[in-house]
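Report on the structure given below.
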Amino acid sequence: MKEDFAFLDQEFEFPGTVQNVSSLGSGHIHDTYLVTCSDALSSKFVLQKFNQKVFKNPQEVMSNIAQVLDHLNKANSDDTLQSLHIIKSRNGDLIYQNQSGSFWRVYNFIDQSDSLDKVTHPNQARGAAKAFGQFFKLVSGLNPGNLFTTIPDFHHLGIRFQQLKKAVDKDTVGKADHYKNEVEFALGRGPQVAEYSKLIDSNLIPTRVTHNDTKINNVLFKRGTTQGICVVDLDTIMPGLLLYDFGDMGRTFCNSVLEEGKAEDAYFRIDIFQSLCEGFFSTIDIPLGKPEVESLKIGPWWMTYIMGIRFLTDFLSGDVYYKIDYARQNLDRARNQFNLVADIERKQREIGEILDDSIKKFVHS
Ligand code: ADP
Ligand code: GN1
Ligand code: MG
């Protein structure tokens, strides 16, 4: 849909007037734009049309983000990360709602930065993981109980498994029979789901403030370098487990192809995982107990499997959640994740060993 951006000058106080609005990035959830203004510096901002189908309560999301950014911008005294700010509307709101009910928000644009959809060198994994580690350490100063849970059970394996089962049973768009292999692959992992879900119920692993969407394009690099300088996409910051953040880095950094890439070519790159671990554990700098360390080992499996079943559920439900560019894109994404899951299963022992070695080197428990 072609958007009319005439409201921007009226509702937000930009330097000069809005000169140009163009699409930005490849996120799956919001509509993201780069806004360029007419002042001498051609000041830039990020505008997002907020996805209300995914986040039912925009005010709670914005309240979490404001709290986290406020804390980060105070705690990040040595300026290791660049600051992200919400640009409030002229009315002083964190997010602006127009007459037809859509929500729009604005951030400062992190200039001179690169956004990657795929890691092509181990140093990128190290740099990105360092930035997520720094971010994680800084937000660990916040009480998770003070944040809203913006998507309940977001990474709950058992609940996501049940959602897939329901989608298969309902078969809204009549596709389930055609994709028996994918459904069998997913539902055949019921025993692992049951075993790993016990972790959540065990209370042995601390609930922390987690980002919950640490994919590679949610960290920005200093332009032309491998240094991670800003963590973005803060909508899912809420109480969670560290394994989610560690696991989603593994899922997205170590995939040999893009999430949209050919499924048969998807495998888990161990050299990238090694660099990820070195980067992350060199900066998080918080003590981790044994059960938590053990849980991290299954993080890459957990997050890759969960994304596979979420994509498959969406495909079987008629593509109601993720943005797609063509009809079977969610199926292709699911197949890609399942091939990666199978490879992670083959490499699980090695993953555990690399993690143990890095923790020994960097983390004093
Ligand atoms: P989505 O939830 O749809 O993934 P994101 O908040 O991740 O939306 O934004 C999409 C992309 O836009 C990011 O992956 C990143 O490339 C780019 N982006 C987002 N915020 C900024 C920013 N403040 N400065 C520069 N680029 C940004
Ligand atoms: C979505 O917003 P984006 O594109 O960074 C999704 C994540 C998935 C990811 C898969 C709120 O992340 O959970 O892991 O796609 N975000 C939400 O690429 O569902
Ligand atoms: Mg994103």
- Once the Cβ-Cβ distance between Asp177 and Asp70 is put in as r, and R0 is 45 Å, what FRET efficiency do you end up with, to the nearest 0.05? 0.30
- If amide H atoms are modeled at 1.01 Å from N in the peptide plane, then the residues at a separation of 5 or more from Gln19, or on another chain, having amide H under 5 Å from its own are Thr36, Cys37, Ser38
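Under a point-charge model restricted to the Cβ atoms of Lys and Arg (+1) and Asp and Glu (-1), what is the dipole moment magnitude of region 96-168 relative to its Cα centre, in debye to the nearest 20? Don't skip to the end; give the middle numbers.
On the way: 8 positive and 4 negative charges, 62 e Å.
Rounded to the nearest 20 debye, it is 300 debye.
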- Note on the structure: Ranking Leu220, Pro206, Gly352 by how far each Cα lies towards the positive end of the charge dipole of region 122-362 (+1 on Lys and Arg Cβ, -1 on Asp and Glu Cβ), the top one is Leu220
- Give the long-range amide H neighbours of Asp233: residues separated by 5 or more places, or on another chain, with amide H under 5 Å away, using H modelled in the peptide plane at 1.01 Å from N. none
- Task: Put one equal scatterer on each alpha carbon of region 1-56, apply the Debye formula with no solvent term, and list log10 I(q)/I(0) at q = 0.12, 0.18, 0.20 1/Å to two decimals.
- Result: -0.30, -0.64, -0.77
- Derived scalar couplings ³J(HN,Hα) [region 7-23; Karplus, 6.51 cos²θ - 1.76 cosθ + 1.60; whole Hz; x for Gly, Pro]: 5, 4, 5, 6, 9, 10, 9, 8, x, x, 10, 6, 9, 8, 10, 9, 5
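Which helices count as membrane-span-like in the chain under these terms: full DSSP H, at least 24 Å along the axis by C-alpha, Kyte-Doolittle mean of 0.5 or more? Let's see the in-between values first.
Values: long enough: 58-75 (25 Å, -0.25); 122-139 (26 Å, -0.09); 299-316 (25 Å, 0.62); 329-346 (26 Å, -1.04).
Helix filter hits for the chain: 299-316.
Nearest 20 debye, what's the magnitude of the dipole of region 122-362 about its Cα centre given +1 on Lys and Arg Cβ and -1 on Asp and Glu Cβ?
Numbers: 30 positive and 32 negative charges, 57 e Å.
Dipole about the Cα centre, nearest 20: 280 debye.
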- Message: Which one, Cys37, Val68, Ser23, projects farthest toward the positive side of the charge dipole computed for region 22-72 from Cβ point charges (K/R +1, D/E -1)?
- Response: Ser23
- region 182-299: C-alpha gyration tensor shape, a/c 1.5 cut-off, then a/b vs b/c: oblate
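In region 4-109, which GluC sites (Glu not before Pro) fall in coil by DSSP and have 13 or fewer other Cβ atoms within 10 Å? Don't skip to the answer; put the middle values down first.
Working: sites: Glu11, Glu13, Glu60; in loops: Glu13.
Passing sites in region 4-109 are Glu13.
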- Item | the chain, relative contact order in percent, only Cα pairs under 8 angstrom and at least six apart counted | 18 percent
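Using only the C-alpha atoms of region 122-362, find the volume of their convex hull and express it per residue in Å³. Write down the numbers at each step before the final one.
Details: hull volume 29.9 nm³, N = 241.
Taking the convex hull of the Cα positions in region 122-362, it is 124 Å³ per residue.
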- Counting other beta carbons within 10 Å of each Cβ, put Lys2, Lys198, Lys137 in order, fewest first. Lys2, Lys198, Lys137
- Item | For the chain, with +1 on Lys and Arg beta carbons and -1 on Asp and Glu, the positive-most of Gly318, Ile306, Val257 along the dipole | Ile306
- Taking the chain and counting helices only, DSSP H stretches of n ≥ 4 at -39,500 (n - 2.57) each over all residues, the nearest-500 ellipticity at 222 nm comes to -14000 deg cm²/dmol
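With +1 assigned to the C-beta of every Lys and Arg and -1 to the C-beta of every Asp and Glu, and no other charges, what is the dipole magnitude of region 1-150 about the Cα centre in debye, to the nearest 20? Mind showing how you got there, number by number?
Details: 13 positive and 15 negative charges, 102 e Å.
Charge dipole, region 1-150, about its Cα centre: 500 debye, nearest 20.
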- By the mean-Cβ-within-10 Å protection proxy, highest first, 307-313, 17-23 rank as 307-313, 17-23
- Message: Spelling out what I want: for every residue of region 223-237, take phi, set θ = phi - 60°, compute 6.51 cos²θ - 1.76 cosθ + 1.60 (Karplus), and round to whole Hz; glycine and proline get x.
- Response: 3, x, 10, 10, 8, x, 10, 7, 9, 10, 6, 9, 4, 9, 5
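Can you figure out the FRET efficiency of Ser100 with Ile151, using R₀ = 35 Å and their beta-carbon distance, to the nearest 0.05? Walk me through the numbers before you get to the answer.
Values: r = 24 Å, r/R0 = 0.69.
For Ser100 and Ile151, the calculated efficiency is 0.90.
Every read-out reported here was derived from the displayed coordinates using simple, explicitly stated rules and does not represent laboratory data. The structure displayed is predicted, hence computed values, not measured ones. We place every Cβ from the backbone using ideal geometry, glycine too, and count neighbours over all the protein chains shown.
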